[in-house]
Amino acid sequence: MTRKTNEQIQNILDTLHEWKGSNISIQKTEQRDIDNNLMELEEVEVVKQVDDEDDYVDPYTIELKGRGTVLNSAGSMPLPLQSYELPINQLLSFEASQEFLTIKTDRATYVIKK
């Protein structure tokens, strides 16, 4: 990762650490698919993933931990494993304010709102 990418990741982490204890919404848009989740953010950390032969799993992710809900047209269900992973290997850009983060990777766009 480049120095600029490391600085961007640190800025994302700083914002998310400030939001700990808050309820957040996470919207992921990948191609034409949109996923919506709600979470009570308890912890944030960078996690090294298990090596992946298919190169589908990013080697590092930002893991958001807390109780959450997956929202879909059929209703809602608990968030698996009480965590949500944000891939950071192919980080293209991000924007941040006190109320939202927009993170763009090579595969998806994530909008996280406090």
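The values are calculated or read from the model by the stated rules, or taken from the named source; none is laboratory data. This is a predicted model, so every value here is computed, not measured. Methodologically, a virtual Cβ is constructed for each residue, glycine included, from the backbone with ideal geometry; neighbour enumeration extends over all protein chains shown. Ligands, DNA and RNA are stripped out before the accessible areas are found, and what is left, the full protein with its side chains, is counted by its heavy atoms. Shrake-Rupley method; radii C 1.70, N 1.55, O 1.52, S 1.80 Å.
State whether one or more residues within segment 101-114 are more than 11 Å from the chain's Cα centre (by Cα) and of a type in the set (A, V, I, L, M).
no
Taking segment 86-114, which residues are among the β-branched types (V, I, T) and in contact (Cβ under 8 Å) with a residue 12 or more places away in the chain? Before you say what the answer is, go through the steps one by one.
Our first condition is that a residue be among the β-branched types (V, I, T); within segment 86-114, this holds for 88, 102-103, 105, 109, 111-112.
Listed by number, the residues that qualify are I88, I103, T105, T109, V111, I112.
List the strands (runs of 3 or more DSSP E) inside segment 29-72, counting only whole elements, that have at least 1 residues being at pLDDT 90 or above and exposed (fewer than 14 other Cβ atoms within 10 Å of the Cβ).
Strands (runs of 3 or more DSSP E) meeting the threshold: 33-40, 43-48.
Of the residues that sit in segment 78-100 and are small (G, A, S) and farther than 21 Å from E42 by Cβ, which one is nearest to the chain's Cα centre (by Cα)?
Among those residues, the one meeting the criterion is S93.
Filtering segment 80-114 down to residues that are of a type in the set (K, R) and part of a strand (DSSP E or B), which residue is modelled with the highest pLDDT?
K113
Every residue in segment 1-28 that is more than 13 Å from T102 (Cβ to Cβ) and modelled with pLDDT under 90, please.
M1, T2, R3, K4, T5, N6, E7, I9
Conditions first: (1) in a strand (DSSP E or B); (2) modelled with pLDDT under 95; (3) out of contact with any helix residue (DSSP H, G or I) (no Cβ under 9 Å at 6 or more places or on another chain); (4) surrounded by 14 or more Cβ atoms within 10 Å (Cβ to Cβ). M77 passes all but one, so which condition is the exception?
Looking at each condition in turn, M77 falls short on (4).
Before we move on, is S83 open to solvent by less than 30 Å² (accessible area, probe 1.4 Å) and without any contact (Cβ under 8 Å) to a residue 24 or more places away in the chain?
Yes; evaluated as a whole, the condition is true for this residue.
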